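The values are calculated or read from the model by the stated rules, or taken from the named source; none is laboratory data. If you're wondering where the values come from, they're calculated on a predicted model, not measured in any experiment. Methodologically, a virtual Cβ is constructed for each residue, glycine included, from the backbone with ideal geometry; neighbour enumeration extends over all protein chains shown.
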Amino acid sequence: MALMSGWDIEPRGVGSILIKVLGLVEDPDDGLEKVVGDVFKHVGEAGTAAMSEPIATALGEYAKYAEPQLNGMVSTTGRCVSGTYEAVKAYIDGDLEMAAEAQEKAAGVGVPRIPRLGDR
């Protein structure tokens, strides 16, 4: 297994992807949140349309079973987006901190003494 020698993250690119993912989750017309909500609405409608107590009961039981998993997809996606944002922010902050430390060290070095011919 090859070890990673360093990071090469493009914050703007990551930000662009995070915005797209959030759009896919939160879009009011066809985002994941709406689709999950619609599943339960449609399951209820199917149970009513079946005009059969056993089918309606089975569909209701399925909805109870599936609800935590489907809602979990939405919350897990949100946590992934949030975690990625925080990781990239830490990466940027670390870069800025390292640059500040390097600049501070460079400022304290002073002017090097260049020996003249004959100096020992």
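Conditions (1) at pLDDT 90 or above; (2) of a type outside the set (S, T, N, Q), marked per residue:
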site: 5; (1), (2): no, no
site: 13; (1), (2): yes, yes
site: 88; (1), (2): no, yes
site: 100; (1), (2): no, yes
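If you go through region 70-90 one residue at a time, do you hit one that is closer than 29 Å to residue 42 by Cα and in contact with an Asp or Glu (Cβ under 6 Å, 6 or more places away or on another chain)? Yes: region 70-90 contains one or more residues that are closer than 29 Å to residue 42 by Cα and in contact with an Asp or Glu (Cβ under 6 Å, 6 or more places away or on another chain).
Residues are listed down the side, and each one gets a yes or a no for (1) closer than 30 Å to residue 15 by Cα; (2) of a type outside the set (Phe, Trp, Tyr); (3) touching a Phe, Trp or Tyr at 6+ places or on another chain (Cβ under 8 Å):
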| position | (1), (2), (3) |
| --- | --- |
| 32 | yes, yes, no |
| 38 | yes, yes, no |
| 43 | no, yes, yes |
| 49 | no, yes, no |
| 61 | no, yes, no |
| 73 | yes, yes, no |
| 83 | yes, yes, no |
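Taking each residue of region 86-105 that is in a helix (DSSP H, G or I) and looking for partners that are at pLDDT below 80 with beta-carbon atoms closer than 8 Å, six or more apart or interchain, yields 91/7.
Evaluation of residue 36 against the conditions (1) assigned to a helix (DSSP H, G or I); (2) loosely packed, with under 11 Cβ neighbours inside 10 Å; (3) under 20 Å from the mean Cα position of the chain (by Cα) shows that the sole unmet condition is (2).
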